[in-house]
Amino acid sequence: MIIKRYCKRESKSKNMWIPDPSCSKVLHLVSCAGSAAYLKGSRFLHSHRNIFPRLTIRAKLLIAFVGLSVLPVLCVSLYGIYVNVRTTENIAFENLTHDVTTTRGRASNFLANVEGDIHLLLNSTDVEGYARSAENGGGRDRDTRLRQLSAGLLAFARTRGIYYQIRIIDDHREEALRIESDDILDSVPRFSIVLPADLRRSGQAYYFLLTEDLHRGEIAFSPVELTYRSVQTIPVLSFATPLFGPTKRVGVLIANVFAGNLFKELEAQRNLGMNETVVLVSSDGHYLYNSGDRGDWNRLIASRQENNLQKDYPPSVAGMIISGNEGIISGEADEIIAYAPLLPMWRLSSRGERSPSVTTSLYIFESVSRENITRDARASAMTFVGFLIVFFCGALGLGLLATRQFTRPISEVRRGADIITRGNYHHRLKVETGDEIEALARQFNVMAASLEAHEREIQEHRSHLEEMVDHRTRELVDQKGKLQAILDNVPSAFVMLDGTGRIQTASEAFTSITGLSLEEVQGKESSVVLRTKGLCQMAGWGAVAGKIESHIDRIVDENGAEQFLEHTTIPIAENGETTAILQIITNITKRKRLEEHLIHSEKLMATGEMAAIIAHGFRNSLTSIKMILQLQQESRQLGRGSRRSLRVALDSISRMETVVQELLNFARPSPMVFRTAELNALIDQALALLDPRLKEHRVSVRKSLDVHLPPMTLDEAQIRESIVNLLLNSYQAIESQPSKGGRGKIAIATKRVVLQKILRDYHSPDMTQEHRGENEGNGREIVLRKGRECVRITVTDNGPGIEGATIRRIFDPFFTTKTNGTGLGLPMVKRAVNAHGGVLSVKSSKGKGTTFEIILPLHYDVTTRTGGNLSSSEGTDESRTEQTADRRR
């Protein structure tokens, strides 16, 4: 037999016998349970205390009684089941091996007969004559040979009856001849020669590819599916062999055998009779036949991608089945499988000898479910389980009756112990067994009486102790309430820390000062919490070292306001070791500001008193000198040089009078006169006064005034004079920088704003005691709250700027950096702004110019400040401003 298969080969697994390590799932479970029970019974006989440490006496006795009754039956039955299962499996192995060998033989004979038919046809005179005529070019001789061959093949097909088609393909890959069964459903097939017009002229490349490497006499085999009359698929076994003339190949002979004929051979009666399955599989793992799908062979071959060996079995099992060897598999699946190659392939050698082929194309295996094999063993096991349950129930009933005499008095003792444990010492046991258990019960009653007496004594002491504790608790609660009330009403925050600096508790003021609740910080390190919040700059509490420490931190709150917090740390020691720390946090912002303001006020008052004294003395003397010089100037005897000298002297005296007047105005300012005015108009007036001088020195002024500003309650003269002072200050700063000459710029702007943070300042009192009001004291604090509507006035220049060390002193009286200045301009501006409830600030950087900012409240109640004096003379206001400008000039 010479059969060759073209397909991708699977890697072969080694053939090995795999014995089943366990008889079946049921047998395995029963064996394990029996072995465990036997092991426990044996150990119980030797050391029951170690095996059952938590069981009652009755349970232990029952286990011993039942174990001795059931264990012998269990061991004997398990051994019998084991022998039965092993014998059943061995019989199944033998029958499966015999069935596979028998089926393989029948299938091999069938394929060998087909091979013999093909060789018979190849050696027939009709086929050889057709091959010679085809090689010689055909013509009339070829047609004659083809008719003879058709008649011979038709007779051959009718005789054999197993073929669906016999075909001849010429070397042009066109169908030259086809003998075909007319009715595949008829039990006696009828054959006919297909007419030349119905022969296929294309689509035969598959068979040429199948036989292109074959030599004379070799046959290729392939299972295929053919369409019958375009409506039905027929599975066939296609055998193809090349046709050779005297010198060359002239075509292909194809014999398509009904696959059902081979499947009938595989369905012959088998010995096992346990619903076993026979499967024919190709070398690539696809099923060609499966006895479980008999009667539906067409669907089986058509679904090769769905039904295959690799999908139904593990890779190791699939590899052994198609390895080309024989064997049995019993341990790697739920089935027992006997497998073998369908037949060895042979190839004729040049000397006519048959030698084994290197490949195999088909494999056969028979499988049976392990559940079917162990069916009888399971029935025996169920019978055994029934007997075992009967033995178990009987032994358990007898054990319960026997152990009841021991356990009932013991249960009574245990119940009495439970009652006494719950505190009922009046209970007594009543056990009458006449043995050691009764003696134990009497001793138990004696113990209960003793406990009852001790319980009465303890109850008396407990009542007395509870009264003392209740009284002391009330005292402690009262003291704690008083102490807590004191701490909560003190403005300082008291924070108790443990020895490591972690917060334990705090008074109510802690939340108001820090903004943190006790729940947020409890258990956290105080220094870390306060540093993170920006409330303390201290690194930690390690430096306390048994001494009281105190320091003050300057912070800025969420509203941008400056705050001062004083931290006092008091260590609490026990036996020389710090066990707790008391921290006191006090907001001293008001006190700090008041201290600074008091110092500043005292300086101003001292300066004012001195300025008033000096101004009075100088003014009287200057008046006398001026009168004498004026009289002397009227003399007609003076020469031109003398008159020029007198004019210079009178001008110097006028400047000295201006300085003295400024001192008097600063020390004894005029009372504020408020009325409704337009702020932008006052700014325009101030600019008009200074416009000639600014234009003369080529200083440009850029105005940006808010036209929507409403009228405000102002002292017109004071505000106008303040604007003039700020503009003059900017002009003089630009003038003092020669490199900026000709390029000086001043910007003045007004805008209605809503404050985004709190602004604070102090309004200093009048310089002398005689001009100070009854309610002024040492001044008052000005606070502009966040969200208040205000007007912002900014004056910006591009002068040389102010150094950081100087900017802190520019509002101090008599402080000036000018050679001819008095140092009173900016202090007077600040006093006027403060008198309107406003705040004056400055921003400057060296070399980048200076910006003065005035914030005035849009609505300012001046009645509480001036006593309702809201009227004044316009001439007085204007003359006062003009005098100020003249003095500046």
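Let's see how each residue does on (1) open to solvent by less than 10 Å² (accessible area, probe 1.4 Å); (2) within 21 Å of SER202 (Cα to Cα); (3) of a type in the set (A, V, I, L, M, F, W, C):
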| residue | (1), (2), (3) |
| --- | --- |
| ARG216 | no, no, no |
| ALA220 | yes, yes, yes |
| VAL224 | no, yes, yes |
| PRO246 | no, no, no |
| ARG249 | no, yes, no |
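For LYS264, the test of being of a type outside the set (Ser, Thr, Tyr), surrounded by fewer than 20 Cβ atoms within 10 Å (Cβ to Cβ) and at pLDDT 85 or above is failed. When ALA439, ALA402 are checked against the criterion of being more than 54 Å from the chain's Cα centre (by Cα) and without any contact (Cβ under 8 Å) to a residue 40 or more places away in the chain, ALA439 stands alone in meeting it. Against the numbered list (1) surrounded by 11 or more Cβ atoms within 10 Å (Cβ to Cβ); (2) among the hydroxyl-bearing types (Ser, Thr, Tyr); (3) over 30 Å from THR589 (Cβ atoms), SER507 comes up short only at (3).
Can you find a residue in the stretch 138-154 that is among the basic types (Lys, Arg), in contact with a helix residue (DSSP H, G or I) (Cβ under 7 Å, 6 or more places away or on another chain) and under 23 Å from ALA205 (Cβ atoms)? So far as the stretch 138-154 goes, yes, one or more of its residues are among the basic types (Lys, Arg), in contact with a helix residue (DSSP H, G or I) (Cβ under 7 Å, 6 or more places away or on another chain) and under 23 Å from ALA205 (Cβ atoms). A Cβ distance below 8 Å, combined with a sequence gap of six or more or placement on separate chains, defines the contacts here; from the stretch 112-139, residues that are touching a residue at least 60 places away in the same chain (Cβ under 8 Å) reach residues that are β-branched (Val, Ile, Thr) and surrounded by fewer than 17 Cβ atoms within 10 Å (Cβ to Cβ) in the pairs GLU135/THR247.
Looking at the stretch 153-173, can you tell me whether even one residue there is surrounded by 14 or more Cβ atoms within 10 Å (Cβ to Cβ), in a helix (DSSP H, G or I), among the small types (Gly, Ala, Ser) and at negative phi? Yes - at least one qualifying residue is present in the stretch 153-173.
SER736 fulfils the conditions (1) under 26 Å from ALA688 (Cβ atoms); (2) modelled with pLDDT of 90 or more; (3) not basic (Lys, Arg) except for a single criterion, (2).
If you go through the stretch 194-210 and keep only what is under 17 Å from SER238 (Cα atoms) and of a type in the set (Ser, Thr, Tyr), you end up with TYR206, TYR207. Out of the stretch 795-809, which residues are closer than 12 Å to LEU726 by Cβ and either over 57 Å from the mean Cα position of the chain (by Cα) or open to solvent by less than 30 Å² (accessible area, probe 1.4 Å) (or both)? VAL795, ASP797 - these are the residues of the stretch 795-809 that are closer than 12 Å to LEU726 by Cβ and either over 57 Å from the mean Cα position of the chain (by Cα) or open to solvent by less than 30 Å² (accessible area, probe 1.4 Å) (or both). When restricted to residues that are over 14 Å from ARG167 (Cα atoms) and at pLDDT 85 or above, the stretch 193-208 contains 0.
Each row is one residue, and each column tells you yes or no for (1) surrounded by fewer than 12 Cβ atoms within 10 Å (Cβ to Cβ); (2) modelled with pLDDT under 80; (3) of a type in the set (S, T, N, Q); (4) part of a helix (DSSP H, G or I).
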{"position": "ALA381", "(1), (2), (3), (4)": "no, yes, no, yes"}
{"position": "THR403", "(1), (2), (3), (4)": "no, yes, yes, yes"}
{"position": "GLY423", "(1), (2), (3), (4)": "yes, yes, no, no"}
{"position": "ILE437", "(1), (2), (3), (4)": "no, yes, no, yes"}
{"position": "ALA448", "(1), (2), (3), (4)": "no, no, no, yes"}
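Every residue, every condition in (1) acidic (Asp, Glu); (2) farther than 24 Å from GLY324 by Cα; (3) not in a loop (DSSP other than H, G, I, E, B), yes or no:
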site: GLY203; (1), (2), (3): no, yes, no
site: LEU226; (1), (2), (3): no, yes, yes
site: ILE234; (1), (2), (3): no, yes, yes
site: PRO242; (1), (2), (3): no, yes, yes
site: ILE254; (1), (2), (3): no, yes, yes
site: PHE263; (1), (2), (3): no, no, yes
site: ALA268; (1), (2), (3): no, no, no
site: VAL281; (1), (2), (3): no, no, yes
site: TYR287; (1), (2), (3): no, no, yes
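What is the residue count in the stretch 459-494 for residues that are among the aliphatic types (A, V, I, L, M), part of a loop (DSSP other than H, G, I, E, B) and open to solvent by 100 Å² or more (accessible area, probe 1.4 Å)? Can you show your working first?
Here is the first cut: in the stretch 459-494, the residues among the aliphatic types (A, V, I, L, M) are 465, 468-469, 476-477, 483, 485-487, 490, 493.
When the remaining residues are screened for being part of a loop (DSSP other than H, G, I, E, B), the result is 490.
Add one more test, that the residue is open to solvent by 100 Å² or more (accessible area, probe 1.4 Å), and what stays is none.
The number of residues fulfilling the criteria is 0.
So is VAL648 surrounded by fewer than 12 Cβ atoms within 10 Å (Cβ to Cβ) and at pLDDT 75 or above or not? Can you show your working first?
On the way: surrounded by fewer than 12 Cβ atoms within 10 Å (Cβ to Cβ): yes; at pLDDT 75 or above: yes.
Yes, satisfied.
Open to solvent by 30 Å² or more (accessible area, probe 1.4 Å), assigned to a helix (DSSP H, G or I), without any contact (Cβ under 8 Å) to a residue 12 or more places away in the chain and among the charged types (D, E, K, R), is that true of ARG106?
On the way: open to solvent by 30 Å² or more (accessible area, probe 1.4 Å): yes; assigned to a helix (DSSP H, G or I): yes; without any contact (Cβ under 8 Å) to a residue 12 or more places away in the chain: no; among the charged types (D, E, K, R): yes.
So ARG106 fails the test.
What pairs come out if I take residues in the stretch 576-592 that are open to solvent by 40 Å² or more (accessible area, probe 1.4 Å) and pair them with residues that are not aliphatic (A, V, I, L, M) whose C-beta lies under 6 Å away, six or more apart or interchain? If the second residue must be not aliphatic (A, V, I, L, M), the pairs left are THR578/GLY499; THR578/PRO571; THR579/GLY499; LYS592/PHE564.
Among the residues of the stretch 823-848, the ones that are part of a loop (DSSP other than H, G, I, E, B), of a type outside the set (Gly, Ala, Ser) and crowded, with 18+ Cβ neighbours inside 10 Å come to 2 in all.
Figure legend. Inter-residue proximity from the stretch 452-477: first residues at negative phi, second residues open to solvent by less than 100 Å² (accessible area, probe 1.4 Å), beta-carbon distance below 8 Å, spacing 6+ or different chains. Indicated pairs: GLU452/TYR425; GLU455/GLY423; GLU455/TYR425. In the set (1) of a type outside the set (Val, Ile, Thr); (2) more than 30 Å from LEU565 (Cβ to Cβ); (3) exposed (fewer than 12 other Cβ atoms within 10 Å of the Cβ), GLU452 fails one condition alone, (3). Within the stretch 360-370, at least one residue is modelled with pLDDT under 65 and closer than 30 Å to LEU214 by Cβ. In the set (1) crowded, with 19+ Cβ neighbours inside 10 Å; (2) of a type outside the set (S, T, N, Q); (3) free of Cβ contacts under 8 Å to residues at least 12 places away in the same chain, LEU96 fails one condition alone, (3).
The single condition among (1) modelled with pLDDT of 80 or more; (2) open to solvent by less than 100 Å² (accessible area, probe 1.4 Å); (3) in a helix (DSSP H, G or I) that LEU497 does not satisfy is (3). All conditions but one from (1) of a type in the set (Phe, Trp, Tyr); (2) surrounded by fewer than 16 Cβ atoms within 10 Å (Cβ to Cβ); (3) within 16 Å of GLU115 (Cβ to Cβ) apply to TYR206; the one that does not is (3). For the stretch 701-724, the set of residues classified as open to solvent by 60 Å² or more (accessible area, probe 1.4 Å) and either part of a loop (DSSP other than H, G, I, E, B) or at pLDDT below 90 (or both) consists of VAL707, HIS708, PRO711, listed by residue number.
The values are calculated or read from the model by the stated rules, or taken from the named source; none is laboratory data. These numbers were taken from a predicted model, which means no experiment stands behind them. Backbone-built Cβ (ideal geometry, glycine too); neighbour counts: all protein chains shown. We work out accessible area using only protein heavy atoms, side chains counted, and drop any ligands, DNA or RNA first. Shrake-Rupley method; radii C 1.70, N 1.55, O 1.52, S 1.80 Å.
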